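Colleague: Next up is a structure, given as structure tokens.
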Amino acid sequence: MKHISTFGASDYQISDLQLLRNSTDAEAMARLLAPCPIMRLAADESIAESHIAHLYIVLRGALAVATDTRTGMADGTISKILPGESVGEQAVLDEEANLNAITALEETDVLMINAELVWQLIDESHVLARNLLRLLSFRIRAANAQLRRRQKLGEFYRQLSMIDGLTDLYNRSWLNDLLPTMIATAHGSHAPLALIMLDLDHFKRFNDTHGHLAGDQALRTAAGVLGSALRPTDFAVRYGGEEMMVLLPDTSEKVAVAVAERLCERMRQAQVFSDMRLPLPHITASFGVASLQPGQDEQALIANADAALYRAKALGRNCVARHQAEAAQPATPAA
């Protein structure tokens, strides 16, 4: 920055400064501002802020003010400060150096007012104090709006991080986040909660025979079966690899077994390739069903469903087993 003049020696008037427009004591304000330096910045030159806070008022040109980089709030937002407008009010009120990056967009002249004089101006001029409050109120509203946008964006990405990219089912992160809450809710309301765990049968053989791209398509097909057969209140999760899970709130074990049998049948009928020129391998899955027991946590519920799934596999796969003493009933194999 280059010192080129003072406010008193320049042609600028109090009416050029937005904070003092409509001032009833312009002459007194002009006397107070007379010794304040006017600094010139070349295009792209930044204001080198010292440890002492200052208020900067643009007299000619324009400044770009980036969001604070030291508070974790920086998101690339740039504010443009035009002639008559100011920057640095918050720094003066906080009595700390300005944390924003301030850069001239073109050759720019700024009036530089130290914090002590700003407070004197506030004491001397009710107009300036009122204009300053209005300005700060506007900036607080703008900052709150920006924060709300950032929160919405953050929630969007949080939700996105809980969706499996291949199948569009919820992923393990979602399960870890939501299942404990669902279980606590079920215990608190004494409502039933059922869990179905399923595993695509002989999936490694399918991959080896048809290739990994076909294997990916098989996983998407299986996910589509789940999505099309469940209620809006149910949840389908890709647990890992070819293992998937279905959560059925407010659902008894008897109903959950019926849901699993319906899914098993639809999985047998699912067509992996829509291109009729290609062979049409079908997929089957084994299903384990468990219901939430009194005092049970999420690990125990998953373990019960997993144990039932392994019994379904032991029964020959392509069937449903429940985590109870009753013997599992194999589904009718595909013809």
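Colleague: Expressed as a rounded percentage, what relative contact order does the chain have, with Cα pairs under 8 Å and six or more residues apart?
Modeller: The value is 13 percent.
Colleague: To continue, here is another question. Using a 7 Å offset from the Cα along the Cα-to-Cβ direction at both LEU166 and ALA101, what is the distance between the two label points in nm, to one decimal?
Modeller: Distance between label points: 4.1 nm.
Colleague: Let me ask another. Magnitude of the Cβ-charge dipole of segment 163-232, K/R +1 and D/E -1, about the Cα centre, nearest 20 debye? Intermediate results must be reported in sequence, preceding the final value.
Modeller: Working: 5 positive and 7 negative charges, 22 e Å.
It works out to roughly 100 debye.
Colleague: What's the FRET efficiency of ALA229 with ALA142 using the Cβ-Cβ distance as r and R₀ = 45 Å, to the nearest 0.05?
Modeller: 0.40
Colleague: Let me ask something additional. Could you work out the Kirkwood radius for segment 123-273, taking every pair of different alpha carbons, averaging 1/r and inverting it, reported in Å?
Modeller: Mean inverse Cα-Cα distance, inverted, gives 18.9 Å.
Colleague: How much length, in nm to one decimal, is gained on full extension between HIS187 and ASP250, taken as 0.36 nm per residue of separation minus their Cα-Cα distance?
Modeller: Gain on extension, HIS187 to ASP250, equals 21.6 nm.
Colleague: Another question, if that's okay. With a 1.4 Å probe and every protein chain left in place, tell me how much accessible area ARG21 has, in Å² to the nearest 10.
Modeller: 100 Å²
Colleague: Could you compute the FRET efficiency for GLU124 and ASP44, with r as their C-beta to C-beta distance and R0 at 35 Å, rounded to 0.05?
Modeller: Efficiency, rounded to the nearest 0.05: 0.45.
Colleague: Students often get this wrong, so try it: which of [x] 34, 22, 17; [y] 71, 23, 14; [z] 46, 37, 20 is semi-axes √(5λ) of the Cα gyration tensor in Å as calculated from the structure shown?
Modeller: Correct label is [y].
Colleague: Of the accessible area of segment 169-259, with the probe set at 1.4 angstrom, what percent is carbon plus sulfur?
Modeller: Roughly 56 percent of what the probe reaches on segment 169-259 is carbon or sulfur.
Colleague: Given a 1.4 Å probe and every protein chain left where it sits, what share in percent of the accessible area of segment 1-52 is carbon and sulfur?
Modeller: 50 percent
The values are calculated or read from the model by the stated rules, or taken from the named source; none is laboratory data. Everything numeric in this text was worked out from a predicted model, so none of it was measured. Glycine also receives a Cβ, built like all others from the backbone with ideal geometry; neighbour counts cover every protein chain displayed. Only protein heavy atoms, including side chains, enter the accessible area calculation; ligands, DNA and RNA are left aside. Shrake-Rupley method; radii C 1.70, N 1.55, O 1.52, S 1.80 Å.
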